[in-house]
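Taking it in order: structure first as structure tokens, then the write-up.
The values are calculated or read from the model by the stated rules, or taken from the named source; none is laboratory data. Not measured: the values here are computed from a predicted model. Note: ideal-geometry Cβ built from the backbone for every residue, glycine included; neighbour counts use all protein chains shown. We work out accessible area using only protein heavy atoms, side chains counted, and drop any ligands, DNA or RNA first. Shrake-Rupley method; radii C 1.70, N 1.55, O 1.52, S 1.80 Å.
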Amino acid sequence: MFDNHLRLCLVLHNHQPIGNFDSVFEMAFRDSYLPFLEVFESYADLRLSLHTSGSLMEWLDRRHPEYVDRLAVLVERGRIEIVGGAFYEPILTMLSSRDRVGQIVRYSQWLRDRLGAAIRGAWIPERVWEANLTGDLASAEIEYTVLDDFHFRNAGLVDGQLNGYFMTEDSGSLLKVFPGSERLRYLIPFGEPQQTIDLLRGIAERQPGSVVTFGDDGEKFGTWPETKAHVYEHGWLRRFFDALQANGDWLTTTTLAETVDHVLPAGRIYLPDASYREMTEWVLPVPRQIAYHEAVSQLQRDDRWESIKPFVRGGFWRNYKVKYDEANEMYARMMFVSALLRQAEQEGLDQPLNEQARQHLYRGQCNCAYWHGAFGGLYLPHLRNAVYRELIAAENLLDRGTGRAGAWVEGTADDYNFDARTEIRLAGDRLIAWVEPAVGGRLYELDVRAIEHNLLATLCRRPEAYHEKVRAGEHRRDAGASSIHERVVFKQANLDQRLQYDRRLRKSLLDHFWDLDARADQVATGQARELGDFADGVYQSKIRRNPDRVQVQLIRQGHCDGRPLTITKGLTLSAGSDALEIAYLIEGLPIDRPLHFGVEFNFAGLPSGIDDRFFHALSLPASEALPKNSTGRASVLKSSSRQSPAAGEGQGGVLSSHRLGQLQTRLDLHDMRRLHLCDQWLGIDVGLSWDRLTSVWTFPIETVSQSEGGFELVHQSVVVIPHWEIRGDAQGRWSTVMRLKLDTSLATARAGESDPVFALKQ
């Protein structure tokens, strides 16, 4: 190797998120990871650095250990450098310092043990960078990483200064940082190989001895749309490798490790908070994102654009937690579990259980479900469900480690979601319910511990900047392979007609008053006139605690069509119970005319369009109605020790049932006592029952979202709204009791466990 050779550091990043379908892992392996390795193996003079996320590496080692063995051989021969990082691909700035270092150290050890690799570098997921990462990376014995040249341009560097690597520092900790070329990201593999050679030759002639870094997704080589044919069947990758070898007299492919061992840093740099350019655009609020795109479009026609471009940047990654409340809910839940684990360790509790909980926590920190851009991310229910599954599993283990056994219940209050308001947490051995008194007194998370599922991991329909393309009906599919940032493809027809937006998050226990003649379709599309101020209003809260049950009482003095009303609702959880008792008392009602009142529920993680996910109803004898107190009103002001029969628990055994359609079915039901939503794959039956005859509407929530494959319609949740025409009694009062029962007996029987709460997935 000559000192004046241009060194090309090829850095590939392969990743599949926690919760992705096994078929997607397998397809990516067959279309990308395996064929790339097979081609690369035959080019003995080429070197590269490879990062594979821990979630993908564990799958590969379990399903295709022969592939991992082949990697180990190439590592031993010095042809592949293994780049480490955080085990389960979290956005590092989202984690506590403790969890950052823990994830990196744990994965480095795994890679050393399995591949015999000396881990010196780390991949920064989504290249989301903040200066305080420097010290944690150094503490985890990481010497260097790769970011985008966009970060360096934001710091004031220009083209001629980006052909090397740099030192950065924070509080005396040092780190080497390579600038990954954005130009190469768009050329490889979409441009002709000669275009890359020409670009590199120009740099070599101007700056002999330069270092140029390409760092990007390995899925671009076969998994991204139309790239499999382009890269392998049409021979792009072999032509690219042939071109690299043919120019070996001035061009050398090398690894990051070899570079830092033989080349001095180009200088010092302090990088601003950033990620790759596209990410800074996606995180902006939609109006500002549209304005940003319009401004860039105008500036690109200006002769001064190239000089202006380095100073144009978008937003800050952490604001995804502002743009999407649902992302913040997952983040807050993750931080809660992280704090529980830290406390358990400080108290010296069961070490093996702590280690199992730590792995679940780390898996629940996988980044993909916490944001959304060109990839489905947050919009994919199976990714959100996977995050909650891991976090609930971790909490189950930590509770077990504290010695909790049998039936128990507790109620606590704190600012759990970092909004400077108090939330309520009702937790028991079967369920955990999270309530926001300050926002409609809504139920925003409901964890079913037996199946590690958050039944309220919903997502509302909101505007996105790319919806303008959907409305325009643009369908542009460039010939051959192209970057996902440039493709406009519709996976279903008439998506522009499916664009709808919600006024508020899709949560439960939302209290509505509508016109008497409001129809289901009007409510579903948001066109029904809202007469009350309760759905978003502030409720006062109080927790009532008994040894075997706990209740949160929520009260709001509001208005309906100008008339003052008071709603008091109580949410009660009992020890050992898989049901929530929900009682309503409305005061101040007119006695001479009815009002139309409804309570909105949203249930997530129950897919549509599948035969084993369906609505059904049970025939309920009148004798099994929910109990009322001695005055005939539902007991809402204090806890009652009485229990109501749950769905399917009639005294004569299993009650008769009939199906009402799959879970996307729009139902307009009347004179109902019970309604059930069954997901046989999850093994759960969600049963709602009422103490009075009830009308019920159901409809699906579907979003039009963007993924690497194109624009698509995604089922997010099922809405169930019991509603009544209510009229006050002589005192202007009306009340009802409903019961939400989460029956997981099917999952229990399938698992063959007597106590499903701790039949955890390992």
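Remarks
- The set of residues from region 523-546 being open to solvent by less than 50 Å² (accessible area, probe 1.4 Å) and outside any strand (DSSP E or B) comprises V523, A524, G526, A528, L531, F534, A535, G537, Y539.
- Region 395-420 - residue that is surrounded by fewer than 20 Cβ atoms within 10 Å (Cβ to Cβ), over 16 Å from V552 (Cα atoms) and of a type in the set (D, E, K, R) and, of those, modelled with the highest pLDDT: D419
- Enumeration of residues in region 467-486 that are touching a strand residue (DSSP E or B) at 6+ places or on another chain (Cβ under 7 Å) and either at pLDDT below 90 or surrounded by fewer than 19 Cβ atoms within 10 Å (Cβ to Cβ) (or both): K469, E474, H475, R476
- Cβ pairs under 6 Å, 6+ apart, first in region 64-86 and closer than 20 Å to A44 by Cα and among the charged types (D, E, K, R), second open to solvent by 50 Å² or more (accessible area, probe 1.4 Å) and in a loop (DSSP other than H, G, I, E, B): R79/R47
- Selected residue (criterion: nearest to A257 (Cα to Cα)) from residues of region 194-235 that are out of contact with any strand residue (DSSP E or B) (no Cβ under 6 Å at 6 or more places or on another chain) and small (G, A, S): G209
- Filter pass, D517 being part of a loop (DSSP other than H, G, I, E, B), open to solvent by 10 Å² or more (accessible area, probe 1.4 Å) and not small (G, A, S): yes
- Some residue of region 696-709 being surrounded by 20 or more Cβ atoms within 10 Å (Cβ to Cβ) and not in a strand (DSSP E or B): no
- Just one of (1) within 29 Å of T52 (Cα to Cα); (2) at pLDDT below 95; (3) among the polar types (S, T, N, Q) fails for T253. It is (2).
- Residue in region 430-441 that is of a type in the set (D, E, K, R), open to solvent by less than 20 Å² (accessible area, probe 1.4 Å) and at pLDDT 95 or above present: yes
Each row is one residue, and each column tells you yes or no for (1) free of Cβ contacts under 8 Å to residues at least 12 places away in the same chain; (2) of a type in the set (G, A, S); (3) over 22 Å from R462 (Cβ atoms).
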residue: Y292; (1), (2), (3): no, no, no
residue: Y324; (1), (2), (3): no, no, no
residue: A332; (1), (2), (3): no, yes, no
residue: A357; (1), (2), (3): no, yes, yes
residue: Y362; (1), (2), (3): no, no, yes
residue: G377; (1), (2), (3): yes, yes, no
residue: H382; (1), (2), (3): no, no, no
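- Residue match in region 322-330 (condition: among the aliphatic types (A, V, I, L, M), surrounded by 20 or more Cβ atoms within 10 Å (Cβ to Cβ) and touching a helix residue (DSSP H, G or I) at 6+ places or on another chain (Cβ under 8 Å)): yes
- Sub-8 Å Cβ pairs linking a first residue in region 49-63 that is without any contact (Cβ under 8 Å) to a residue 12 or more places away in the chain to a second residue that is charged (D, E, K, R) and open to solvent by 10 Å² or more (accessible area, probe 1.4 Å), at least 6 apart or interchain, number zero.
- Across region 710-730, the qualifying residues are those that are touching an Asp or Glu at 6+ places or on another chain (Cβ under 6 Å) and open to solvent by 20 Å² or more (accessible area, probe 1.4 Å), and the one among them that is farthest from L669 (Cα to Cα) is L713.
- Test: Y444 is more than 24 Å from N20 (Cβ to Cβ), touching a Leu at 6+ places or on another chain (Cβ under 8 Å) and of a type in the set (F, W, Y): yes
- Tally, over region 445-459, of residues that are assigned to a loop (DSSP other than H, G, I, E, B) and open to solvent by less than 10 Å² (accessible area, probe 1.4 Å): 7
- Among residues of region 191-219 that are small (G, A, S), those with a Cβ under 6 angstrom from a residue that is part of a helix (DSSP H, G or I), sequence gap 6+ or separate chain, pair up as S210/I203; G218/S32.
- Test result for L688, at pLDDT 50 or above and touching a strand residue (DSSP E or B) at 6+ places or on another chain (Cβ under 6 Å): yes
- Meets criteria (surrounded by 14 or more Cβ atoms within 10 Å (Cβ to Cβ), farther than 30 Å from K469 by Cα, within 31 Å of the chain's Cα centre (by Cα) and not hydroxyl-bearing (S, T, Y)) for Q551: yes
- Of the criteria (1) under 30 Å from V489 (Cβ atoms); (2) open to solvent by less than 10 Å² (accessible area, probe 1.4 Å), which one C368 fails: (2)
- From the options L162, L115, L174, L133, residue that is at pLDDT 95 or above, farther than 21 Å from Y270 by Cβ and among the aliphatic types (A, V, I, L, M): L115
- Enumeration of residues in region 661-691 that are crowded, with 18+ Cβ neighbours inside 10 Å, charged (D, E, K, R) and over 23 Å from the mean Cα position of the chain (by Cα): R673, R674, D685, D691
- Any hit, region 267-285, residues being in contact (Cβ under 8 Å) with a residue 60 or more places away in the chain, more than 37 Å from the chain's Cα centre (by Cα) and over 22 Å from P193 (Cβ atoms): yes
- Taken together, the residues in region 123-141 that are closer than 28 Å to L74 by Cβ and either open to solvent by 60 Å² or more (accessible area, probe 1.4 Å) or in contact (Cβ under 8 Å) with a residue 40 or more places away in the chain (or both) amount to 6.
- Scanning region 601-620 for residues being open to solvent by less than 10 Å² (accessible area, probe 1.4 Å) and in a strand (DSSP E or B) gives a total of 6.
- Scanning region 345-356 for residues being of a type outside the set (S, T, N, Q) and in contact with an Asp or Glu (Cβ under 8 Å, 6 or more places away or on another chain) gives a total of 0.
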